[in-house]
Structures are given as C-alpha cells and as structure tokens.
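Trainee: Quick one: structure below, then a few questions.
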Amino acid sequence: MAARMAELLYQIVPSDLFTFKKEGSFEEQAQHLIDQCHPGATNMKILKLSGELAEADIPFAQSNRALHGLLHGGAYFTVGDTLTAIMCFFFVEKEGDITLTMDASIRYLRPIQRETVRARARLTSRKGNQLSFVCDFFNDANKRAAQAKYRYIIASPAAT
C-alpha cells in the first residue's frame with residue numbers, strides 16, 4: 001500500500017519543483033514533500049496517516065504565529081487542508097486522477113498561545129468520487145481550539 005501511495009505522489013507532485021524521498025514510510029515521504037512547500041512553514045509533523053484517520057502536530061514556532069503571538073488561523077487551515085488532501089490519495093483508483101478541494105470552512109473556538117496543537121482529521125463521508133472530512137485541532141489540555149471541514153472531488157484532469 002505504501003508503494004502505491006508513493007507512486008501517486010510521484011505522479012501528482014511536479015518533479016521539477018520538489019525532491020522525493022524514495023525510501024521510508026508513506027508518512028515520511030509525504031512529510032519530506034510538505035517540508036518543501038507552504039505547509040512546511042507551519043512546522044506540521046505527521047504522526048499517522050490513512051484514508052480514514054490522520055494526525056499531525058503543530059509545534060509552537062515563530063513561523064506559525066500571528067503578530068499578536070497566537071497561532072495564526074491560516075496555520076490551522078493549512079494543516080487541515082494538507083492532511084485531508086493527502087488522505088484523499090487512499091481513494092484514488094485510476095492512474096492520472098487528481099484530488100481537488102471543492103469546499104472548506106473553519107471555526108475558531110479558543111486561542112493557542114505557546115502550545116503544541118494536535119490536528120486529528122477523519123473521513124466523514126464518501127459518495128462516489130466525493131470525500132468529506134472534519135479536522136479538529138486540540139490544545140495541550142485536549143480541548144478543541146478549532147474545527148475545519150473539507151470537501152474534495154477525485155477527478156481526471158481532462159474532466160476539470
């Protein structure tokens with residue numbers, strides 16, 4: 001399964017812009033790519049990854065803070081979008097298909113100061129080629145700090 005997931009990464013991610021890590025788990029290979037682009041600025045670290053559940057930590061870092069010192073709302077959103085987009089790869093069945101975000105929303109519930117945030121994403125529904133996820137973000141006391149919802153479609157590039 002990890003080899004199939006890695007192959008999907010190699011097909012979708014442009015090799016002229018990114019370097020690939022050919023060995024290691026799918027989580028390690030995905031983390032290597034994340035560290036090379038915008039989501040890497042959040043310092044997110046993937047802990048577990050499957051089509052149904054995924055977790056990542058967002059450690060306290062200057063690069064993911066807003067001017068008031070709290071975790072920037074875009075960091076939450078970016079981590080949730082990145083986790084759920086990679087979760088979609090587990091449902092791609094045809095070579096050449098890609099995943100596209102159709103809709104996303106987020107609710108901020110409490111501020112995060114100098115804590116590590118745990119993001120927990122889960123698949124909530126699958127209807128044909130459409131996938132829906134919820135990503136909850138928890139503070140050190142395991143209280144929800146935000147909740148985001150994402151909806152994707154798996155499509156052939158010719159159909160987009």
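Trainee: Size of the dipole of the range 2-159 about the Cα centre, Lys and Arg at +1 and Asp and Glu at -1 on the beta carbon, nothing else charged, in debye to 20?
Mentor: Here the size comes out at about 660 debye.
Trainee: Label point 7 Å out from Asp136 along Cα-to-Cβ: which residues of the range 39-63 have amide N under 16 Å?
Mentor: Correct set: 53-57.
Trainee: About the Cα centre, and with charges only on the beta carbon of Lys, Arg (+1) and Asp, Glu (-1), how big is the dipole of the range 21-105? Nearest 20 debye, please.
Mentor: About 340 debye.
Trainee: In the range 85-136, what trypsin sites (Lys or Arg not before Pro) fall in a loop by DSSP, with at most 15 other Cβ atoms inside 10 Å?
Mentor: Numbers: sites: Lys94, Arg107, Arg114, Arg118, Arg120, Arg122, Arg126, Lys127; in loops: Lys94, Arg114.
The qualifying sites are Lys94, Arg114.
Trainee: Give the relative contact order (percent, whole number) for the range 39-160; include only Cα pairs under 8 Å separated by 6+ residues.
Mentor: Working: 261 pairs, mean separation 33.2, N = 122.
Relative contact order for the range 39-160 comes out at 27 percent.
Trainee: Of the lysine pairs in the range 2-159, how many meet both conditions: Cα atoms under 30 Å apart, and a spacing of 8 or more in sequence or different chains?
Mentor: Total qualifying Lys-Lys pairs in the range 2-159 comes to 18.
Trainee: OK, next. If you place +1 on the Cβ of every Lys and Arg, -1 on the Cβ of every Asp and Glu, and leave all else neutral, what size is the dipole of the range 72-160 about its Cα centre, to the nearest 20 Debye?
Mentor: 440 debye
Bear in mind these aren't lab numbers, they're just calculated from the coordinates by the rules spelled out. Because the structure is a prediction, the values reported are computed rather than measured. Heads up, the Cβs are rebuilt from the backbone with ideal geometry, glycines too, and the neighbour counts pull from every protein chain shown.
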